[in-house]
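Student: Pasting a structure here, questions to come.
What follows is calculated from the coordinates using simple rules that are stated; it is not laboratory data. On a predicted model such as this, the values are computed, not experimentally measured, just so you know. Neighbour counts are summed over all protein chains in view; Cβ atoms, including those assigned to glycine, are modelled from backbone coordinates with ideal geometry.
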Amino acid sequence: MQNPPPLPSHLVSLPEFAPLQQPMPMPFLHRLSALFLALCLVLTAAVPPVLAAPTSPMPLAALPFLGSLFAGQRPSNLGVKNGQLAPCPSSPNCVVSQGNPDADHAIAPIAYSGDTASALSRLEAVITAMPRTAIIEKSDTYLYAEFTSRLMGYVDDVEFYADPDAAVIHVRSASRLGESDLGVNRKRIEAIRAALAG
């Protein structure tokens with residue numbers, strides 16, 4: 001009987017297949033890492049929702065050094081002087097109902113019926129129900145509040161001055177920082193007007 005022909009040279013270097021053997025037991029470190037992974041999975045599943053990561057991003061204003069940076073300084077021209085709220089600056093981030101402003105800055109005052117005290121009380125309730133607001137000053141005819149944006153912590157100064165003779169509340173809403181407010185101040189006053197009417 002003849003020997004089989006030799007294998008071609010490109011097949012000679014292939015390793016022989018070893019017969020299947022029983023799986024070797026996992027080394028100690030592999031077992032330890034598997035145990036650690038299992039423990040992590042159990043603990044993650046057991047975390048109550050209160051301690052879980054928030055679903056919305058943390059506002060940048062929550063960081064102490066950024067919060068004060070974006071808040072800006074409280075303006076020195078706030079308040080009523082000679083029966084008038086301060087005029088708006090030339091930047092398109094302010095609306096006011098007094099002083100003959102141009103079309104970009106003009107907004108109608110808020111009309112009310114009944115006595116001034118009740119109107120301002122309703123106004124205060126509407127404002128305090130809005131998120132991220134703080135009433136800074138109030139009197140018989142004046143209310144000043146700060147509105148803070150959610151993400152960046154920008155502060156807008158919003159003033160209300162009641163004129164009992166005309167039965168209107170004059171308004172001024174202005175951003176402290178930036179050039180444009182993207183219509184936020186106007187929308188805010190209109191939302192307050194709608195809430196008072198409803």
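Student: Please arrange Thr133, Thr128 by how many other C-beta atoms lie within 10 Å of their C-beta, fewest to most. Kindly include the intermediate steps, with their values, before the conclusion.
Tutor: Working: Thr133 17, Thr128 11.
Going from sparsest to densest Cβ surroundings: Thr128, Thr133.
Student: Sticking with the crude label model, points 7 Å out along Cα→Cβ, report the distance from Asp115 to Ala191 in nm, one decimal please.
Tutor: Going by the 7 Å Cα→Cβ label model, 3.1 nm.
Student: Right, next: Of the peptides 157-165, 79-87, 173-181, how do they stack up when ordered by the mean number of other Cβ atoms within 10 Å, highest first?
Tutor: Working: 157-165: 19.4, 79-87: 14.2, 173-181: 17.6.
Order by mean packing, descending: 157-165, 173-181, 79-87.
Student: Lys/Arg Cβ at +1, Asp/Glu Cβ at -1, dipole of segment 136-180 taken about the Cα centre: which of Val168, Tyr154, Thr141 is farthest positive-ward?
Tutor: Tyr154
Student: Let me ask another. Starting from the Cα of Ala103, step 7 Å along the direction of its Cβ; do the same at Arg132; then give the gap between the two resulting points in nm.
Tutor: That separation, rounded to one decimal, is 3.1 nm.
Student: What fraction, in whole percent, of alpha-carbon pairs in segment 102-198 exceed 16 Å separation?
Tutor: Here the long-distance tail beyond 16 Å is 54 percent of all Cα pairs in segment 102-198.
Student: Using the Karplus curve 6.51 cos²θ - 1.76 cosθ + 1.60 with θ = phi - 60°, what ³J(HN,Hα) values do you get for each residue of segment 181-198, in whole Hz, with x for Gly and Pro?
Tutor: Taking θ as phi minus 60°, the curve returns 9, 6, x, 4, 5, 5, 4, 4, 4, 5, 5, 5, 4, 5, 5, 6, 6, x Hz for segment 181-198.
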